[in-house]
Amino acid sequence: MDDQQNSDKNNTSAKDRLSALWQVVSVPVAAVLLALLIGAVILAVSGANPIEAYAALLEGSFGSMAAFGRTLSKATPLIFSGLAVAFAFKAGLFNIGAQGQLLFGALASAVAGFAITGLPPFLHTTLSLLIGATAGALFAYIPGALKAYTGAHEVITTIMLNYVAINITDYITDGPLKDTANGNIVARTPEILDSAKIPYLGEIPAGFLLAILAVVVVWWILQRTTLGYEIRTVGLSPHAAKYAGMRVPFTIILTMVISGFLAGMGGAVETLGIVGRYQPGFNVGLGFDGITIALLGKTSPFGIIPAAILIGAMKAGASTMQFEAGVAKEITDVIQALILFFVTADMIVRKLIRSKTENGTGVTLSGWGQE
């Protein structure tokens, strides 16, 4: 009898876990499928064959080890920017400034990569990564401090600071740090030294492994540390956190600094592992894509990995789809926008109507950072 009861409990527990898992993944899966379906309609209307187009997309992103390596290369900075946005979400902060923080990280790592000489490869690469990540963290401190001490909304300040970052980095790369080798006229920095470059392990970029490590570290911070508990508490209710004796302003600032550190690390990895220098235009949209990644991954650190690989695959296979199926490259951007639309629309609807769980208990989505 006891064995039967234990078996029933185990079956019930397994069903509950599967049900909980489905509740988490159902919205992103539905968003992707709906986006692909509508994308197929758009492809058909434009005169392309949707089946051929999607087959070419898969070939360009997963059809070979080289293609898979390109997908991981595209996904790597997206994991960092997605982590940056998701980490801020946990404290109820909407960091739209990941783009600007990523740009400063990319530029600072490039400067460290070509200006610092005489270091062994591992040390030079590590130092350049840390300098880039620190630049992103320092830039993120500004909206964090404004939010904590003046109440200025981080959405407004981070949007404005994105333009500051864009214009400053454009000026620097077309002025004081412009590459003048061989009469170059393009706005860009000199190429980084070989000792600062992040290597490839066959076709796999080593930066991707660094991104996976960052995911594990962020998860550990959020789920296994006192700081993570304080961040999640502030995200749920700043007033309750303050009443409990937590340092809310300090937590807000530190959350934004860590978020900026992650975004800056993403820019540094892109510079040191992919581009080899800083050049305006090579990092466009990576920070903004982090919003899509974070929402598609339900702001879960581990959920960000498949979300980033999906978007990275779309970017990696876009050119193959363009040449083999005659599809405009911008179609992948449309599909990505549709994915974001369906994910965010669902969140907004559930926030307004306060969706019910299966047992009838109300679930209130009180902040962006809630899963």
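Read the figures in this text as sums done on the coordinates, not as results from a lab. All of these numbers come straight from a predicted model, not from anything done at the bench. As a convention, Cβ positions derive from the backbone with ideal geometry for all residues, glycine included, and neighbour counts pool all protein chains shown.
Quick notes on this structure:
- Max mean-square fluctuation residue, GNM over the chain, Cα-Cα springs under 10 Å, options Pro120, Pro77, Pro143: Pro120
- Ranking of Glu330, Glu324 by count of other Cβ atoms within 10 Å, fewest first: Glu330, Glu324
- Working from Cα pairs under 8 Å separated by at least six residues, relative contact order for segment 31-353 is 37 percent.
- For Leu213 and Lys15, the difference between the fully extended length at 0.36 nm per residue and the C-alpha to C-alpha distance is 68.2 nm.
- 3J(HN,Hα) from dihedral phi, segment 174-191, Karplus parametrisation 6.51/-1.76/1.60, rounded to Hz, x for glycine, proline: 10, x, x, 10, 5, 6, 9, 5, 6, x, 4, 10, 7, 6, 6, 8, x, 5
- Two-site FRET efficiency, Phe323 against Val29, from Cβ-Cβ distance with R₀ of 22 Å, rounded to 0.05: 0.15
- Histogram of C-alpha separations across the chain, 20 Å bin width, %: 27, 55, 17, 1, 0
- Other-chain or far-sequence residues with amide H under 5 Å of Asn95's (modelled H): Phe89
- For segment 54-118, the convex hull drawn through the C-alpha positions has a volume of 144 cubic angstrom per residue.
- Cross-link pairs Lys147/Lys242; Lys197/Lys329; Lys74/Lys197; Lys298/Lys329 - those with Cα-Cα distance over 24 Å: Lys197/Lys329; Lys298/Lys329
- Taking every full run of DSSP H in the chain, the ones that stretch at least 24 Å from end to end by Cα along their long axis and average 0.0 or higher on the Kyte-Doolittle scale are 2-45, 65-90, 98-115, 121-150, 154-173, 206-224, 248-270, 301-325, 330-353.
- Each label point was placed 7 Å from the Cα along the Cα-to-Cβ direction; for Leu201 and His153 their separation is 4.4 nm.
- Among Ser319, Ser81, Ser73: highest mean-square fluctuation, GNM of the chain, C-alpha pairs under 10 Å: Ser319
- Gaussian network model of the chain, springs between alpha carbon atoms under 10 Å - residue of Thr134, Thr76, Thr332 with greatest fluctuation: Thr332
- Mean projected area of the Cα convex hull of segment 62-175, taken over all directions, amounts to 9.4 nm².
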